[in-house]
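Student: Before anything else, here's the structure in question.
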Amino acid sequence: MSTTSKGMAGRIAIFVTALAAAEPASAATDGCAAAIAAAWAKIGEVPAYRQTVVMAEPKMRMDMVVIGNTFYSTNAGKTDRIELKPGRRKAIVDRFAGATPTLACAQVGEETVDGRPTLVFDFTRAPVPGLETQPMRQKVWIGKADGLVRRLVGNRVTVDVAYEDVVAPR
């Protein structure tokens, strides 16, 4: 496992892009958008989580484990590690909170994700400046009991997030 490197910067950029893609921005004032923004903001506050990002174009899978201020990124069998300064993880999430406003939003049902009941929201957010030219329609699953994002699906990316039994990769 390597520690902070220039190669890691690319992986972190993909991670941050996934965060930006997932973040519906707190700029919208309706209850639906506010619920999604609040749920996503919690990822900056939980002690640990793991997420799997699957991109359709370019085809890629990346596994991330975050424990405190330590990020582990595994892609193509290689695991990198980066240490952030205290509070930086939350700052990264907060930075994208206002990046792309929600244009439309609705709760569309309830489903179970990994054995946990969730509320399902369908929303459209404005394009990320410099990355996209069209609004992006997405769906997010938020845990009913804990209010945490459990899954996000966009037109080119699926992000699954878990908060239980998180351990550092070996």
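Student: Taking 0.36 nm per residue of separation and subtracting the Cα-Cα distance, what length does fully extending THR70 through VAL113 add?
Tutor: Roughly 12.9 nm would be gained on extension.
Student: Students often forget the sequence filter, so: which lysines lie under 24 Å Cα-Cα from LYS42 once same-chain residues fewer than 8 apart are removed?
Tutor: Qualifying lysines at Cα under 24 Å: LYS85, LYS90, LYS139, LYS144.
Student: Moving to a separate point now. What are the semi-axes of the equivalent ellipsoid for the range 35-97, taken as the square roots of 5 times the Cα gyration tensor eigenvalues, largest first, in whole Å?
Tutor: Result for the range 35-97: semi-axes of 21, 16, 9 Å.
Each value in this text was obtained by applying a stated rule to the coordinates, not by laboratory testing. If you're wondering where the values come from, they're calculated on a predicted model, not measured in any experiment.
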